[in-house]
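What follows is a set of notes on a single structure, which appears directly below.
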Protein chains: 2
Amino acid sequence: MTRQNDVSDTWHQLKTHAERMSRTENHLSHLIQQGNRLVDFSVNGGGMMYDFSRQRIDRDVMQSLYELARGKNIRQRFVDMVEGKTVNKTENRAALHTAARDFSDREINVNGVHVKPEIGRVRDEMKAFSEKVQAGEICGTTGKRFEHVVVIGIGGSYLGTEFVAKALEGLADRKISLHFLSNVDIDCFGSITEKIDPETTLWVVISKSYTTTETMANARQAERFILRHNLDTRDHIVTVTSKGSPGDDPENPALAAFHMFDFIGGRFSVTSAVGGVPLSLYLGYDRFERFLKGAEEMDEHAMSASPEKNAPLIAAMLSIWNNNFLGYEANAIIPYSSPLSKLPAHIQQLYMESNGKGVTQAGQTVEEKTGMIIFGEPGTNAQHSFFQLAHQGRPFPIDFIGVIKPHYDMNTQKSKGVTNHQELWSNLIAQPQALATGKSDSKNPAGNFPGNRPSSTILIKELSPENIGRLLAFYEAKTVFEAFIWEINPFDQFGVELGKVMASEVRSAIAKKNEDPGYNFEGVGSIEKRYLEILSNGDFSGI
Amino acid sequence: MTRQNDVSDTWHQLKTHAERMSRTENHLSHLIQQGNRLVDFSVNGGGMMYDFSRQRIDRDVMQSLYELARGKNIRQRFVDMVEGKTVNKTENRAALHTAARDFSDREINVNGVHVKPEIGRVRDEMKAFSEKVQAGEICGTTGKRFEHVVVIGIGGSYLGTEFVAKALEGLADRKISLHFLSNVDIDCFGSITEKIDPETTLWVVISKSYTTTETMANARQAERFILRHNLDTRDHIVTVTSKGSPGDDPENPALAAFHMFDFIGGRFSVTSAVGGVPLSLYLGYDRFERFLKGAEEMDEHAMSASPEKNAPLIAAMLSIWNNNFLGYEANAIIPYSSPLSKLPAHIQQLYMESNGKGVTQAGQTVEEKTGMIIFGEPGTNAQHSFFQLAHQGRPFPIDFIGVIKPHYDMNTQKSKGVTNHQELWSNLIAQPQALATGKSDSKNPAGNFPGNRPSSTILIKELSPENIGRLLAFYEAKTVFEAFIWEINPFDQFGVELGKVMASEVRSAIAKKNEDPGYNFEGVGSIEKRYLEILSNGDFSGI
């Protein structure tokens, strides 16, 4: 009770701070001149540097944010999560993505079972399997080595893997190409089959329940494709699925099944077999394990560092500040590193699906706005795309991400006296500063920059598996810390259910029409009916 | 004067409508039941269907929006633009992207010169050049046919081309692969050079001024790469640039130069040589011209259809409605067609760079919020990514896009009684309806859907060049119509200048350090200096 009062006091205090920070004297152009701004407002933690010197904050704001974090006990909740407590209350489950990379001697019991040995066993299976495939000991039906891996999976079953694969593409030995078949759109399947050779293709079907509509439809297409080329599905398909699911059935004609666990949700599953199987095949198991160890380091940092030194916790509190107190609606993620180009799409899912919630775990409507909209493209590309709006239109906070050493560092040809990488960094350094300071131009109103636009900058040293693991775990921890502040459940996703139910009604009508061409969509709502007619007739004329 | 008063009356009226539409009885679940909702609130125009039945509007709202459009004279302004008037006032230029696809006998004079013959001449050059390359009459230094085209260009010099190339990938004959080198990041260059063969690669350098920093840095890398492989840059580089720019210099060692014009801005330039050269090489010139003809059809529709029947005009007015009256901050574009996966990124640039403005053409601060944030991913992927937030978190309007016939329509394998394409459409049909209606669940608060979330649905018949042209021109027209309402200039981009100036200061410091290792960044601001040290030392420890 006292605790709850403390929290609402702190919340009120932050509202007052927000008014204060909106005054002219607290414009970012002034704030960044004060004291040793960068030293005061940046931390090194979990193997990365997190600079929040260009957020619209001062010591008092941060003090209140740390108080709020303490009042809401979010670090303890994070530890509870890591230790296997039932933090996913609406689904009555633990949320143990951190266990997938926990190499410590911490025991984690779920319903009386120590889960880590089981997780380790799956890792051993992935290691053995990927090494055999890479050595050519496991081949396709015709004895040829696998050269293509097609991941069939949607949402959390592929976005994280795609991010990591692209980030570490430079380390792949290129003997195996990786493709992602996510969308049920037949044009995805059609386009991929033009790029692969059936005899050298291994399909990895990923679905926890092995009932995901899109994934099953694509798996059916793949099976038919394999058979049409006179190959055996038992040689060309592996599954990543729950123990005992239809994809884990010994009768199911697959080469191998790797288990996933109900305590690791899709969007948090990159470090489980979901990412592990494709990434081990593409990069080698050792690199996958190095990636896990980077993630583990960030998890330990998130658990153990005090709020004042805790990078993902600070990032979470600043997100709450920008959202609930300063009123921003969206947050951009701009990696100044093209290999990180798929990070924004992964975090878009991770964050918006986790924190796009309307009720608390206790079932009460959340009074404050929850998760923001996340979007982004790599810099400098984004500068030539939507930064006009970032500088002179409606403002939104930005996470800038920099990599100190590029992968292809041998190309040192200079232009305007600098290498390409130095040019990239000139922009990475200039943009947060330009957004913060602005510039007034009394002669040309179109040349007026209001400034005061907040950003953070994250640095990693190079595109190593460890650093990609750290970056991933940083955003995972930030996401759940924010959820703990709002007391929402970041692990469920009931919001996708209504669309599924309604799609299934439409599907039934189409299936019925497929069976009975005389059926005219009786009983279907009028707007939907018109669309069904358009699809049937192949034309929208006469509407 | 009377006109201006009319407009502010209409604006006030719309504010009143917005209050009215927020009442419970005007929840979308009720609105869509009224009358013949789809017939009343959809149009066929310019070759596409535009359904706005699930926007939060009624006849009275639309009436006021049409009045506002008439009061602001936006259709006449569009015609002025098409006819070559100086609509880009801050830069004292015409804005004539529509002239690039104007096959009518309309004369367009800019500064006394009829511009269409010149545009036609460039088209003829592209046709001749692309046909010779495809026939193997123009080859690389070693006499081999070109198999790779690398486009070097950033922002408007590639995003639109990438969208169109991906959308029509199924029509490409695959003898030429297309790559995009946009980012100055050396990891982009490094990664592309691993995928191409120097002897069979043609580089297309695109920059209006031929001074764009990123593009020039990448062109320098390409030149060095060509020379290192003992090839001649005159055989392997073509430019798309302004007449008389450094890239059009006869001394400049390039195979050919295709002209672009100062009256076509980057983000509007897909139908000029910017898109024309790569797309003709990739798809064949005839398909490029069909694409232009689709765009022309939509331009004619935008110019001639009355507001009540004008698809891009209605879309613009609804965007204003959602933004300025209902208060939404972002708009998602969700194509239910994977080949359209690059549309959101292109429109993100087109719209946010055009309409992310703070001042009117007359130099006055715009009182209303201007351009929204645009983001998006293909459906159903997006459903498994951020639709949780769309259904239960903060609401945002959505453009759903459907394609009646897929490209790969031979794969008719069924799952759950429907083909993949039918499954895709089940979702395309269900999602707008689910977002509009919502569903209450008194037992499980997490299963409560507020509904009342607005969307439009756009349909095209198939992925033909004409339809992709229509879709492009639809969004271009929508973008400028909105700008005309706010009286901002959608054709300039002064908002990117400050960052460029500040990046150039940082670049100078790095260049100085490259020359003089004893230079310690004296005179550079303290935060920037620390980043420069980190880049030099390769480490952020000790901060």
For A:Gln13, inter-copy label-point distances (7 Å, Cα→Cβ), nm, shortest first, read 5.2
Cβ-based exposure ranking for A:Phe163, A:Phe261, in which fewest neighbours within 10 Å come first: A:Phe261, A:Phe163
In whole Å, largest first, what are the principal axis extents of the Cα atoms in the range A:108-244? 48, 34, 31
Across peptide B:508-518, what mean number of C-beta atoms from other chains lies inside 10 Å of a residue's C-beta? 3
For A:133-143, A:281-291, ranked highest to lowest by mean beta-carbon neighbours within 10 Å, the order is A:281-291, A:133-143
For a quick protection proxy, order the peptides A:371-382, B:302-313 by their average other-Cβ count within 10 Å, most packed first. A:371-382, B:302-313
Along the charge dipole of the protein assembly as shown, pointing to its positive end and built from +1/-1 on Cβ of Lys, Arg, Asp and Glu, which listed residue (A:Gly371, A:Ala167, A:Met260) has its Cα farthest out? A:Gly371
Mind running the shape call on the range A:262-305? Use the C-alpha gyration tensor, a ≥ b ≥ c as the square roots of the eigenvalues: rounded below 1.5 for a/c, prolate if a/b tops b/c, oblate otherwise. oblate
Quick P(r) readout (the range B:314-454; Cα-Cα; 5 Å bins; whole %) gives 2, 9, 15, 18, 18, 14, 10, 7, 4, 2, 1, 0
Translational diffusion coefficient (Stokes-Einstein; Kirkwood radius from C-alpha pairs) of chain A at 4 °C, 1.567 mPa s, in µm²/s: 51 µm²/s
When N is the residue count of the range B:94-159, what does its C-alpha Rg come to as a fraction of 2.2 N^0.38 Å? 1.50
Can you give the relative contact order of the range B:97-290 as a percent, counting alpha carbon pairs under 8 Å and 6+ residues apart? 29 percent
Round to a whole angstrom and tell me the spacing of the C-alpha centers of the range A:415-474 and the range B:7-25. 41 Å
Please label the shape of the range A:182-299 as rounded, prolate or oblate, based on the square roots a ≥ b ≥ c of the eigenvalues of the alpha-carbon gyration tensor (a/c under 1.5 means rounded; beyond that, a/b larger than b/c means prolate, else oblate). prolate
Which whole-number percent is the relative contact order of chain B (Cα, under 8 Å, 6+ apart)? 19 percent
For B:440-448, what's the mean count of beta carbons from other chains sitting within 10 Å of each residue's beta carbon? 5
Give me A:Phe521, B:Phe225 ranked fewest to most by other Cβ atoms within 10 Å of their Cβ, as a rough exposure proxy. A:Phe521, B:Phe225
At a 10 Å Cβ-Cβ cut-off, how would you order B:Arg106, B:Arg228, fewest neighbours first? B:Arg228, B:Arg106
On average over all directions, what projected area in square nanometres does the range A:287-328 have, based on the convex hull of its Cα atoms? 3.7 nm²
Radius of gyration and Dmax over the Cα atoms of the range A:495-537, both given in Å: 10.7, 35
Excluding B:Pro454 itself, calculate the net charge of residues whose Cβ lies under 10 Å from the Cβ of B:Pro454, where each Lys or Arg counts +1 and each Asp or Glu counts -1. +3
Within the range A:139-228, what is the number of lysine pairs with alpha carbons under 21 Å apart, leaving out pairs fewer than eight places apart on the same chain? 5
Inter-centroid distance (Cα atoms) of the range B:212-247 relative to the range A:133-165, Å: 37 Å
With only alpha-carbon atoms in the gyration tensor, what are the semi-axes of the equivalent ellipsoid for the protein assembly as shown, in Å, largest first? 39, 35, 34
Exercise: per-residue mean of other protein chain Cβ atoms within 10 Å, A:363-372: 3
If the label for A:Gly112 sits 7 angstrom from Cα along the Cα-to-Cβ line, what are its distances to the same label in every other copy, in nm to one decimal, shortest first? 9.6
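Each reported figure results from applying straightforward, stated rules to the coordinates on display, with no laboratory input. What you see is a predicted model; the values in this text were computed from it and never measured. Methodologically, a virtual Cβ is constructed for each residue, glycine included, from the backbone with ideal geometry; neighbour enumeration extends over all protein chains shown.
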